[in-house]
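Enquirer: One structure, pasted below without further comment.
The values are calculated or read from the model by the stated rules, or taken from the named source; none is laboratory data. Because the structure is a prediction, the values reported are computed rather than measured. Neighbour counts are summed over all protein chains in view; Cβ atoms, including those assigned to glycine, are modelled from backbone coordinates with ideal geometry. Surface accessibility is based on the protein's heavy atoms, side chains included, excluding ligands, DNA and RNA. Shrake-Rupley method; radii C 1.70, N 1.55, O 1.52, S 1.80 Å.
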Amino acid sequence: MQTDEQLKQIVKEKYAEIANQSVADNKASCCGAGGCSTEVYNIMSDDYTTMEGYNENADLGLGCGLPTQFAQIKPGNVVVDLGSGAGNDCFVARAQTGEKGKVIGIDFTPAMIQKARNNADALGYNNVEFREGDIEHMPLGGNIADVVVSNCVLNLVPNKDGVFKEIYRVLKPGGHFSISDVVIVGQLPESLKKDAEMYAGCVAGAIQKDVYLELIHLNHFENIIVQKEKPIIIPNDILKNYLSEEEIAAFNNGGSGIFSITVYAEKPNTIVIADATDAKAAASCCTPGGGCC
């Protein structure tokens, strides 16, 4: 299995490739990361096209939910989007926060940052900005955001506990997040968990659903709600790149499942000085492919 830094480099290279390919190619692949299904549909993303602020040029088909739909963004809010890609969620958030608000997108792929900035310039938005940075170490001060959103990104990050700590840090007391992500129930086949391309394709980096929710709780968030949940079905013509026919049949008929969830949680008004011991233990107990002790 690759190290955390190797996995992050794989993701950065893959998403740089995605930033430079056509929207049509992105939407016809598994999270935009290759392994294109002959059924020609994206196995993750929901339809943004009816949402105010939607911009086709910024929609690369890389999401697994609609976090902004559930984010309760109010006029004048400061919104931070983690893994902002070409800017689609930022532009939808801007439609909700209005001219008096501010939206900050963070992405660690330079090609994505440039694509997002070009899109914002073309739209004439002066209250949407994009910063290059790692969401485990956000280029932001503390207590500045009313709302944090993210779409199919934390599953790409080996240190998910570190990201939740950063979300807690940048949110104002009483602020909240709405995050769509991929989680696992049961066990993934080893071939999927170990494959770097499938990691970049948003599946092998997912962890167990109950552990994911427990990490949120252990990082002192409150009122944790799963707002939406849907199964993700990987077509057999993608699975055959990683599994034998017998393994595919066992996987499809087994008790394991891959799900997209959209989770809401609040930072308490009274700031908690976090003791990281329990959260670190929970995070280290799970492998990136979803195996837990």
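Enquirer: If I compute solvent accessible area with a 1.4 Å probe over the protein chains, what percent of it on region 65-123 is carbon and sulfur?
Expert: Exposed carbon and sulfur together represent 49 percent of the surface.
Enquirer: Could you sort 80-86, 145-151 so that the peptide with the highest average Cβ count within 10 Å comes first and the rest follow in order?
Expert: The packing order, highest mean first, is 80-86, 145-151.
Enquirer: Taking a 23 Å limit on the Cα-Cα distance, which of the listed pairs LYS102/LYS267; LYS8/LYS230; LYS8/LYS102; LYS14/LYS115 fall beyond it?
Expert: LYS8/LYS230; LYS8/LYS102
Enquirer: Another one. Mind checking the full-extension length gain between ILE225 and ILE144? Use 0.36 nm per residue of separation minus the Cα-Cα distance, one decimal, nm.
Expert: Stretched fully, the ILE225-ILE144 segment lengthens by 26.9 nm.
Enquirer: Which order do you get for PHE130, PHE108 if you rank them by accessible area with a 1.4 Å probe, largest at the top?
Expert: PHE108, PHE130
Enquirer: Relative to the compact-globule scaling 2.2 N^0.38 Å, provide the ratio for the alpha-carbon radius of gyration of region 96-235.
Expert: 1.14
Enquirer: Given R₀ = 35 Å, FRET efficiency for ASN236-THR49 by Cβ-Cβ distance, to 0.05?
Expert: Given R0 = 35 Å and the Cβ-Cβ separation, E is 0.80.
Enquirer: Please list ILE233, ILE104 from largest to smallest accessible area, probe radius 1.4 Å, with all protein chains kept in place.
Expert: Most to least solvent-accessible, the answer reads ILE233, ILE104.
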